[in-house]
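None of the figures in this text is laboratory data; all of them are computed from the coordinates on show. Quantities reported herein were computed from a predicted structural model and do not represent experimental measurements. For neighbour counting, all protein chains shown are included, and Cβ atoms are generated from backbone atoms with ideal geometry for every residue, glycine included.
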Ligand SMILES: Cc1cc2nc3c(=O)[nH]c(=O)nc-3n(C[C@H](O)[C@H](O)[C@H](O)COP(=O)(O)OP(=O)(O)OC[C@H]3O[C@@H](n4cnc5c(N)ncnc54)[C@H](O)[C@@H]3O)c2cc1C
């Protein structure tokens with residue numbers, strides 16, 4: 001059965017899985033990692049815009065397409081790292097159809113989750129098949145019994161912007177709350193059952209901030225990242241005054257790197273100073289037998305992104 005509500009309040013609390021762009025959902029249903037009634041957001045007119053409030057906060061509707069986010073002039077001017085992340089993920093075809101909400105709430109790409117015959121916590125099983133099987137693209141940071149990584153590039157990027165989420169009928173919380181701590185192996189996110197995401201809100205960009213999105217992939221296009229990073233920094237009088245560093249594809253939820261952020265504050269804004277700081281990204285990693293390479297990638301991509309952030313165009317001019 002498919003329902004077609006005309007607003008998000010009607011969609012909330014429904015018995016059925018929300019369908020937005022369907023680029024994740026349709027593939028999952030084809031491989032039987034999903035079934036039951038659907039609530040299609042096709043006829044919903046709200047949550048399809050990017051709006052700037054009088055105080056400069058930016059609201060991004062959950063039904064805004066990834067392409068629209070990537071091409072929005074306000075976003076690319078004020079939040080260049082976010083625009084780069086949106087424009088760099090998936091393919092033009094997926095970005096044209098996939099939505100911000102669907103991206104944040106997409107399910108794991110773990111091949112055991114998506115294989116009908118494989119046992120998996122997220123399908124009601126009692127074990128993680130990836131741990132003893134092929135986990136080449138899995139976690140190098142242990143948060144719980146499931147070894148898969150979260151696939152959302154935008155979730156990772158918005159974590160670096162301390163974004164807040166707007167859930168229909170619920171209090172605004174943070175993007176970090178949307179994912180939780182990753183310890184529940186059965187969950188893809190911490191959104192309560194029946195809840196519908198209406199949008200995202202971000203604070204105004206900081207004047208002079210520099211941001212960069214960077215990923216390492218196994219092929220140049222149409223692939224999920226092996227490691228991805230979003231760096232935001234503020235430089236004052238030749239010194240890094242503040243820093244936000246988020247990483248994705250290394251754990252069951254997107255992560256911030258507080259040890260890297262703390263070490264950056266007060267460091268000279270010079271490439272030589274960044275190498276030792278990037279090495280701190282290794283702290284807290286605990287790779288599986290096949291994922292040790294991602295720890296090296298993590299350090300390298302963080303170092304590269306930090307170096308690029310130093311020379312990125314500052315928001316609003318220097
Ligand atoms: C080749 C390829 C490469 C890709 N590479 C990347 C990549 O690098 N990074 C990345 O992040 N993604 C990547 N993707 C995934 C793609 O970005 C997602 O499939 C897409 O963003 C999902 O958006 P959608 O609107 O189609 O979601 P849907 O498929 O419609 O929904 C996805 C999930 O979100 C839920 N949902 C959707 N909207 C809401 C809402 N408003 N409230 C509550 N629940 C909701 C649905 O119920 C469903 O469970 C790739 C996909 C392909 C095919």
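Arrange the peptides 202-209, 76-83 so that the one whose residues have, on average, the most other Cβ atoms within 10 Å appears first.
Order by mean packing, descending: 76-83, 202-209.
To the nearest 0.05, how large is the calculated FRET efficiency for residue 136 and residue 207 if R₀ is 35 Å and r is the Cβ-Cβ distance?
The pair residue 136/residue 207 has a calculated efficiency of 0.25.
I'd like to compare 194-201, 51-58: which one has the highest average count of other Cβ atoms within 10 Å, and what's the full order after that?
The packing order, highest mean first, is 194-201, 51-58.
To the nearest 500 deg cm²/dmol, what mean residue ellipticity at 222 nm is calculated for the chain from DSSP H runs of n ≥ 4 alone, each contributing -39,500 (n - 2.57), summed and divided by the residues?
When only DSSP H runs of four or more count, the value is -7500 deg cm²/dmol.
Starting from the Cα-Cα distance between residue 57 and residue 262, subtract it from 0.36 nm times their residue separation and give me the gain in nm to one decimal.
Separation in residues times 0.36 nm, less the Cα-Cα distance, equals 71.2 nm.
Give me the percent of DSSP beta bridges within the stretch 2-202 that run antiparallel, rounded to the nearest 5.
75 percent
State, to one decimal in nm, how far the label point of residue 308 lies from the label point of residue 242, with both points 7 Å from Cα in the Cβ direction.
Those two pseudo-labels are separated by 2.3 nm.
Please report the Cα spread of the stretch 156-250 along all three principal axes, rounded to whole Å, starting with the longest.
Computed over the Cα atoms, the extents are 48, 35, 24 Å.
Please compute the modelled spin-label separation between residue 48 and residue 31, points set 7 Å along Cα→Cβ, answer in nm with one decimal.
It is 3.1 nm.
Using only the Cα atoms of the stretch 210-310, what do you get for the radius of gyration and for Dmax, in Å?
Over the stretch 210-310's Cα set, Rg and Dmax evaluate to 13.3, 44 Å.
Which length gain, in nm to one decimal place, applies between residue 10 and residue 282 when the Cα-Cα distance is subtracted from 0.36 nm times their residue separation?
93.4 nm
What FRET efficiency would be calculated for the residue pair residue 71, residue 219, taking the C-beta separation as r and a Förster radius of 35 Å, to the nearest 0.05?
For residue 71 and residue 219, the calculated efficiency is 0.90.
Can you work out the FRET efficiency for the pair residue 127 and residue 296, with r the C-beta to C-beta distance and R0 = 30 Å, to the nearest 0.05?
So the FRET efficiency works out to roughly 0.55.
Report the normalised scattering of the stretch 2-202 as log10 I(q)/I(0) at q = 0.10, 0.13 Å⁻¹, calculated by the Debye formula with identical scatterers on the alpha carbons.
-0.42, -0.72
Using mean Cβ contacts within 10 Å as the protection proxy, how do 263-273, 64-74, 301-311 order, highest first?
Result, highest mean first: 301-311, 64-74, 263-273.
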